[in-house]
Structures are given as C-alpha cells and as structure tokens.
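Notes follow the structure.
Just so it is clear, none of the values below were taken in a lab; they were calculated from the coordinates. Keep in mind it's a predicted model, so treat the numbers as computed, not measured. Cβ placement follows ideal geometry from the backbone for every residue including glycine, while neighbour counts extend to all protein chains displayed.
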C-alpha cells in the first residue's frame with residue numbers, strides 16, 4: 001500500500017537543469033498543475049466574459065461573482081486606494097483557489113500543499129506590501145513599527161516585537177495554507193487506504209467518510225484561498241494607511 | 001453482544017491498515033515538502049505561471065470584465081436618469097394640464113358671467129324700449145281721444161246751433177244768425193243747465 005504522503009511527491013516530467021548554476025528547474029507534476037490552474041482560471045474568466053451580456057448567464061454570473069467578491073474584499077479591507085492593486089489580489093485569489101480546488105480531483109497534484117510554493121507566494125505578498133508601504137510613505141512607513149500611544153520607555157521593547165510580528169506574517173500566511181491543504185489531502189488518502197483495504201464488505205464506511213471529507217475539502221479550498229487573500233488585503237491596508 | 005463483536009471485527013481489520021498507513025512508505029524519506037531538491041524548480045515555475053496568469057488577466061480578462069461591469073453600471077445609471085427625466089416631464093405635463101384646466105375653467109366662468117350680464121342688460125334695454133313705445137302709444141291714443149272729444153264737442157255745438165236756428169225760425173219765426181245761435185248754445189252750456 002502506498003503511503004498517504006506519496007501524493008505530495010514531486011516527479012519531474014521534463015528534466016531541465018542549468019549546469020552553470022547547478023540548478024534543477026525541471027518541469028514537474030507540480031509545475032504541470034500550476035499550468036492547469038492558470039489555464040483553468042484564465043479560461044473560466046475568458047469563457048465567462050465572451051458573451052459580454054448585459055444580463056449575465058450562469059458562467060458570466062460566476063465570473064462576475066468572483067470579481068465582485070475579490071473587489072469587495074479589497075475595497076472593504078484595503079480601502080479604495082487598494083483597488084490599484086486589485087489585479088494582483090485577483091490573480092492571487094484565483095491561483096490559490098484553483099490550486100486548492102484542482103487538487104481535490106483524484107490523481108491531481110496539489111501545489112498549494114507544498115510549503116515552498118505557499119512560502120514563495122507569501123514572501124511575494126510580504127515584499128509587495130512592504131514595497132507599497134515604502135512607495136507611498138517613504139521612510140515614514142517605518143513609523144508603522146512604532147505603536148501609537150505607547151509610553152516612550154516601552155518603545156525599545158515594543159518596536160522589536162512589532163518588527164518581529166511583521167516579519168512572521170509570511171511564515172504564518174504560508175504555513176496556514178500549506179498545513180490545511182496537506183492535512184486534508186493526507187486524511188483523504190488515509191481513508192482511501194482504509195476503503196481499499198476493507199474491500200467491498202466494509203469499504204463503504206470509510207468511503208462515505210471520503211465523500212463527506214471531499215465536501216469538506218471543497219469548503220477548505222475556498223476558505224483557505226479566501227483567508228490567504230483577505231490577509232493580503234489587510235497587509236495592503238497596513239501598507240497604505242499605516243494602521 | 002453481537003454488535004460489539006461486529007465493532008471488534010471492524011477494529012481488528014482497521015488496526016493493521018492504520019498502522020500501515022501511518023508508517024511511511026519504504027522509499028520515502030519524510031515529507032516530500034521538506035525535500036529541498038525541487039525547491040528551485042518549484043519557485044521558478046511558480047513565478048513563471050503566476051506572472052503568466054497576472055499578465056493574461058491584466059492584458060485581456062480583467063479589462064473585458066470591468067468593461068462589461070461598467071457598461072452595465074452605465075446602462076443602469078442611464079436608464080435611471082432617463083426614468084427620472086421622464087417622470088419630471090410627466091409631472092410638468094400634468095402641471096401644465098392642470099394650469100390649462102384652471103385657465104379654461106376661469107375663462108368659461110368669465111364668459112358665463114359676461115353672457116349673463118349681457119342678457120340682463122339687453123333685457124333691461126328691451127323692457128325700457130317697450131315701456132317707451134307703450135307710453136308713446138298711450139299718449140298718442142289719449143291725444144287722439146281728446147281730439148275726437150273736442151271735435152265731437154265742437155260739432156255738437158254746431159249741430160246744436162243749427163238746431164237752435166232752425167227751431168227758432170220754425171217755432172218763433174225769428175231769423176237769427178248762426179253767430180247768435182252759437183252764442184246762445186255756448187251760454188246754455190256754460191250755464192250748466194240744459195235750459196237757456
């Protein structure tokens with residue numbers, strides 16, 4: 001019986017190496033599903049907007065719903081100024097959401113269950129929002145780390161804490177997504193293992209649990225994409241408004 | 001009891017499965033996620049695909065989507081504008097209609113009053129005219145009656161004088177002139193009696 005962790009194994013499809021740097025940039029199953037996620041999310045938006053209907057059909061309503069959902073999230077959490085960065089947030093949301101959702105398909109690879117992927121995304125968010133903060137406020141952005149209203153004597157203690165908590169943001173952001181996706185998929189695989197091992201006689205029991213878990217995983221896929229995006233919006237808010 | 005046995009049977013089957021599942025497979029060394037071999041490839045392709053998706057979205061999909069949404073927003077706003085404009089026009093038309101109705105009512109009332117006045121005036125004029133004509137006729141008739149009476153009286157005097165003359169010549173054999181006869185009649189009439 002295969003290990004429930006085998007689904008996370010990365011298998012190169014096209015081996016690409018950069019000998020000068022000693023880098024292995026192989027196109028893997030993970031890369032393949034990233035590509036599929038890109039194709040699906042872009043295809044969905046394009047298919048949904050093809051009609052350009054004044055009164056949207058089902059597909060267009062779905063796409064508009066996604067747009068309004070993310071736009072509302074940005075507006076409410078990052079403010080009107082945050083709408084400048086809406087394309088980034090929308091791309092992030094769609095990419096993570098499709099990564100999560102496609103991963104539920106049996107046999108698919110879930111690239112959001114890899115810490116390096118979520119961490120790279122989170123670092124991108126971290127660097128991006130920090131850059132926005134410095135871009136808008138210049139060096140005044142550093143006052144973000146000075147809690148307003150705190151007694152001056154406490155500042156030597158508070159400022160390092162603030163900086164530390166700020167730097168922990170990408171870590172918590174990436175680990176949350178990674179752990180959620182990995183745990184769900186591991187659990188699914190374990191129950192699949194039960195179902196196979198128990199055969200026809202008792203196999204229905206873990207199988208029904210798998211069905212329920214699948215529904216649960218769909219919720220988690222949405223929820224985690226939502227959380228990832230909304231936290232990005234909040235970080236953006238901090239960068240734009242400084243508290 | 002039988003149920004408990006059933007559960008126990010399930011457990012007996014499950015336990016080895018759980019054990020085998022929890023145990024990592026032979027060739028795997030811990031979590032594949034923490035194996036740094038593929039980190040460069042993962043980061044590289046993630047950046048590539050994320051950038052690709054961003055580029056695709058910003059270049060084509062999102063402008064199209066915002067265009068559709070803005071178009072709808074504009075359309076709705078335009079429709080609302082038009083609706084409010086039509087409503088305003090309708091209200092204006094109604095006000096105009098009311099005003100016209102009021103004016104017409106006023107004019108009708110005025111015309112009625114004028115007609116009544118004219119009728120009253122004409123009636124009064126005609127009544128006065130009729131009165132005047134009637135009075136004139138009455139006066140004429142009275143004058144005629146008076147004339148007739150005078151003439152009748154005069155003629156009666158003449159006749160009486162002739163009768164007096166004739167009677168005097170026949171009865172008394174006296175020849176009197178018509179002047180004397182007339183004087184005698186006049187005296188008799190003035191005397192108030194029938195006897196001279």
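For Cα pairs less than 8 Å apart in space and 6+ apart in sequence, what is the mean separation divided by the residue count of chain A, i.e. the relative contact order in percent? Walk me through the numbers before you get to the answer.
Details: 256 pairs, mean separation 61.1, N = 243.
Reported relative contact order: 25 percent.
Here the label points at residue B:135 and residue A:51, each 7 Å from Cα along the C-beta direction, are separated by 9.9 nm in the simple model. Label separation (residue B:115 vs residue A:179): 9.8 nm, computed from points 7 Å beyond Cα along the C-beta direction. Here the Gaussian network model covers chain A, with springs between Cα atoms less than 10 Å apart; of A:116, A:104, A:16, A:16 fluctuates the most. Distance between the C-alpha centres of region A:116-157 and region A:40-68: 36 Å, rounded to the whole angstrom.
Residue order for A:152, B:60, fewest other beta carbons within 10 angstrom first, comes to A:152, B:60.
Residues A:114, B:38, A:237, ranked from the fewest to the most other C-beta atoms within 10 Å, line up as A:237, B:38, A:114. Note on residue B:94/residue B:156: beta-carbon distance plugged into 1/(1 + (r/R0)^6) with R0 of 56 Å gives a FRET efficiency of 0.05.
The protein assembly as shown gives an Rg/Rh value of 1.89, both radii derived from C-alpha positions and Rh following Kirkwood. Using just its DSSP H runs of length 4 or more, each adding -39500 (n - 2.57), the protein assembly as shown gives a mean residue ellipticity at 222 nm of -27000 deg cm²/dmol after division by all residues. What FRET efficiency comes out for residue B:73 versus residue A:208 if R0 is 60 angstrom and r is the Cβ-Cβ distance? Round to the nearest 0.05. Efficiency, from the Cβ-Cβ distance: 0.80. Can you give me the C-alpha center-to-center distance between region B:89-148 and region A:173-236, rounded to a whole angstrom? One Cα centre to the other: 102 Å.
Take the Kirkwood radius over Cα pairs of region A:19-107, plug it into Stokes-Einstein at 37 °C and 0.692 mPa s, and you get 218 µm²/s for translational diffusion.
Modelled spin-label separation between residue B:104 and residue A:157, with each label point placed 7 Å from Cα along the Cα-to-Cβ direction: 8.9 nm. Projected area of region B:39-142, taken from the Cα convex hull and averaged over every viewing direction, in nm²? About 9.6 nm², averaged over all directions. Across region B:44-196, Cα pairs under 8 Å and at least six residues apart give a relative contact order of 10 percent.
Panel order for B:177, A:91, B:58, by other beta carbons found within 10 Å of each beta carbon, from fewest to most: B:177, B:58, A:91.
Start at zero, step by 10 Å, and the Cα-Cα distances of chain A spread as 7, 24, 29, 23, 13, 4, 1, 0 percent across the bins.
For region B:105-196, what class follows from the C-alpha gyration tensor (a ≥ b ≥ c being the square roots of its eigenvalues): rounded when a/c is under 1.5, otherwise prolate if a/b is larger than b/c, else oblate? Kindly include the intermediate steps, with their values, before the conclusion.
Numbers: a/c = 9.99, a/b = 6.74, b/c = 1.48.
Note, shape of region B:105-196 comes out prolate.
Under Stokes-Einstein, with the Kirkwood radius over Cα pairs as Rh, the value for region A:85-134 at 20 °C and 1.002 mPa s is 181 µm²/s.
Peptide A:84-93 is shielded by partner chain Cβ atoms: per residue, an average of 4 of them sit within 10 Å of its Cβ.
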